[in-house]
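Report on one structure; see the data block that follows.
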Amino acid sequence: MTYIDTTLARLAKSSPSQSEFYQAVQEVLESLSPLFEKEKHYLDQNIIERIVEPERQIMFRVTWVDDKGKINVNKGYRIEFNSAIGPYKGGLRFHPSVSASIIKFLGFEQTFKNALTGLAIGGGKGGSDFDPKGKSDNEIMSFCQAFMSELYRHIGPTIDVPAGDIGVGAREIGYLFGQYKRLTGRYEGVLTGKRIPWGGSLVRTEATGYGAVYFAQNMLQNAGDHLDGKICAVSGAGNVAIYTIEKLYQLGATPVTCSDSRGMIYHKSGINLETLKQLKETQQAPLEKYLDVHPDAVYKAVADYAAGRNEVWSVPCDLAFPSATQNELNQADALALLANGCKLVAEGANMPSTPEAVEEFLKARIHYAPGKAANAGGVATSQLEMAQNAAMIQWSFDEVDLRLKNIMKNIFTNAWETADEFNQPGNLVLGANIAGFRKVADAMIDQGAV
């Protein structure tokens, strides 16, 4: 058996029924084979065995009371995956799909994504199977306070600094921060994604979407091309998608799709950003309401999608930005994108493309940016928020945006040059995985058997 097979077999035994986690580990390890052939000391130091196991896994019961006085129980998680290069850093996700497997795959990916930023942050992730949809503000506050009543024991500004993710925005961060402050009596940068008046950073809301577009811009510029005039397919309708769309417009491209859990919009003349923000940021309304304002757009419900397909990827486009969730783009979707002329895919979500889809992109030799590289802008700006909190200052929007732009350029350059080093020019999957892994692994070796 190869070291990949041996590792996956061991994980299947020690962490059963965690398919998303296995998928993430396999994708990274397969990319690392050229590194291990060149630099065998990583295997001699048993880095693989060490790096695939979280340093700490915290699971806890969250008990909260709803508006009817009923006691509800959810499960909470915090996976502190790796602290070799800094305190644990990664978001909290509140969604019914959350499980140990989801949180572990996200924490594993986060470790290498954070390393790519060049900033001093380790990898972690957390969340709960709590569903914020349909809950009142009071119920969400009740849940967040109960969640933090356990989590506060394990976090701190130089220990573990959670942020937001799916289902966790500024409202939830506010309730979590308030409870942390109430329990500890400390006002410190223990959470990122805060609102501006009490320690938040400008550009944090926009950062993941903006960063994905900056990364795509670097890929195109490196090939002598540009964003201006490009037609773009975008999935999702949350912060990542909305601000991907906003930055695409700012740089001259035309985004024509977006989607939510109920369906997708195709607006050939371009998604109306003002309408989208009104629906999703103000009204929390389903995307089908977009047609009330723009009857020339096309709406397709999930129930009407072709079997096994995501119809977002069926429209003609030059560039694609998967910005919703994991495994949202499969092999059939990838083939449809390629047939429709797509020449670049930049992942705004975490692991949105299945392994089969990634294989199609690599085989077609299009520009393909994996999530750990393309969507690292969010966590990078979270670290910039930590820096501002530590210094008790606030930078301007333009200063944070410029820092973000430079970070994304550096991530691209690092991944590109690493791919060249291993004689696979343009393979940013290999380049990003090796560059991120090498930084973490070298730190682990320097620090001894930890």
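The values are calculated or read from the model by the stated rules, or taken from the named source; none is laboratory data. Since this is a predicted model, take the numbers as computed values, not measurements. Here the Cβ is made from the backbone with ideal geometry for all residues, glycine too, and neighbour counts use every protein chain on show.
Of the residues making up region 62-111, those that are out of contact with any Gly (no Cβ under 7 Å at 6 or more places or on another chain) and closer than 15 Å to residue 151 by Cα are 63, 64, 74, 75, 76.
Here's the yes/no breakdown for (1) touching a Lys or Arg at 6+ places or on another chain (Cβ under 7 Å); (2) within 30 Å of residue 309 (Cβ to Cβ):
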residue	(1), (2)
178	no, no
188	no, no
214	yes, yes
262	no, yes
272	no, yes
277	no, yes
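Being in a helix (DSSP H, G or I) and assigned by TED's automatic domain parsing to the domain that holds residue 106 is the requirement here; does residue 20 meet it? For residue 20, the condition - in a helix (DSSP H, G or I) and assigned by TED's automatic domain parsing to the domain that holds residue 106 - is met. The residues of region 57-84 that are within 22 Å of the chain's Cα centre (by Cα) and surrounded by 14 or more Cβ atoms within 10 Å (Cβ to Cβ), listed by number, are 57, 58, 75, 76, 77, 78, 79, 80, 81, 82, 83, 84.
Conditions tested, residue by residue: (1) buried (at least 24 other Cβ atoms within 10 Å of the Cβ); (2) in contact with a His (Cβ under 9 Å, 6 or more places away or on another chain); (3) among the small types (Gly, Ala, Ser).
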{"residue": "216", "(1), (2), (3)": "yes, yes, yes"}
{"residue": "232", "(1), (2), (3)": "yes, no, no"}
{"residue": "240", "(1), (2), (3)": "yes, no, no"}
{"residue": "268", "(1), (2), (3)": "no, no, no"}
{"residue": "272", "(1), (2), (3)": "no, yes, no"}
{"residue": "285", "(1), (2), (3)": "no, no, yes"}
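Answer with yes or no whether residue 39 is over 19 Å from residue 113 (Cβ atoms) and among the acidic types (Asp, Glu).
Working: over 19 Å from residue 113 (Cβ atoms): yes; among the acidic types (Asp, Glu): yes.
So residue 39 fits the description; yes.
How many residues are out of contact with any helix residue (DSSP H, G or I) (no Cβ under 9 Å at 6 or more places or on another chain) and buried (at least 24 other Cβ atoms within 10 Å of the Cβ) if we restrict to region 85-102? It would help to see each step written out before you state the result.
To start, the set of residues in region 85-102 that are out of contact with any helix residue (DSSP H, G or I) (no Cβ under 9 Å at 6 or more places or on another chain) comprises 96-98.
Imposing the further condition that a residue be buried (at least 24 other Cβ atoms within 10 Å of the Cβ) reduces the set to 98.
Going through region 85-102 one residue at a time, the tally reaches 1.
Checking the conditions here, which among 159, 196 is outside the structural domain of residue 52 (by TED's automatic domain parsing) and over 29 Å from residue 71 (Cβ atoms)? Before the answer, list the steps.
Working: 159 fails: outside the structural domain of residue 52 (by TED's automatic domain parsing).
Exactly one of 159, 196 is outside the structural domain of residue 52 (by TED's automatic domain parsing) and over 29 Å from residue 71 (Cβ atoms), namely 196.
Scanning region 72-107 for residues that are part of a strand (DSSP E or B), farther than 13 Å from residue 21 by Cα and in contact with a Pro (Cβ under 9 Å, 6 or more places away or on another chain) yields 78, 80, 82, 88, 89, 90, 91, 92, 94.
If you check residue 110 against the conditions, is it polar (S, T, N, Q), outside any loop (DSSP other than H, G, I, E, B) and touching a helix residue (DSSP H, G or I) at 6+ places or on another chain (Cβ under 6 Å)? No; evaluated as a whole, the condition is false for this residue. If you check 396, 353, 382 for being at pLDDT 95 or above, in contact with a Lys or Arg (Cβ under 9 Å, 6 or more places away or on another chain) and not assigned by TED's automatic domain parsing to the domain that holds residue 122, only one passes: 382. I'd like to verify a number: residues in region 12-47 that are free of Cβ contacts under 8 Å to residues at least 40 places away in the same chain, more than 21 Å from residue 424 (Cα to Cα) and of a type in the set (A, V, I, L, M, F, W, C), how many? Qualifying residue count, region 12-47: 1.
Residue-wise test of (1) under 20 Å from residue 112 (Cα atoms); (2) not β-branched (Val, Ile, Thr).
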position	(1), (2)
392	no, yes
404	yes, yes
414	yes, yes
417	yes, yes
426	yes, yes
429	yes, no
436	yes, yes
439	yes, yes
447	yes, yes
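The sole residue among 344, 319, 338, 402 that is over 27 Å from residue 103 (Cα atoms), without any contact (Cβ under 8 Å) to a residue 60 or more places away in the chain and within 22 Å of the chain's Cα centre (by Cα) is 402. Residue 196 meets all of the listed conditions (1) farther than 30 Å from residue 310 by Cβ; (2) out of contact with any Cys (no Cβ under 7 Å at 6 or more places or on another chain); (3) buried (at least 21 other Cβ atoms within 10 Å of the Cβ) but one, namely (3).
The C-beta contact set for region 63-74 (first residue assigned by TED's automatic domain parsing to the domain that holds residue 137, second residue in a loop (DSSP other than H, G, I, E, B) and of a type in the set (Phe, Trp, Tyr), distance under 8 angstrom, 6+ apart or interchain) comprises 74/130.
Please tell me if residue 116 is more than 24 Å from residue 175 (Cα to Cα), of a type in the set (A, V, I, L, M, F, W, C), within 16 Å of the chain's Cα centre (by Cα) and crowded, with 24+ Cβ neighbours inside 10 Å. In short, yes.
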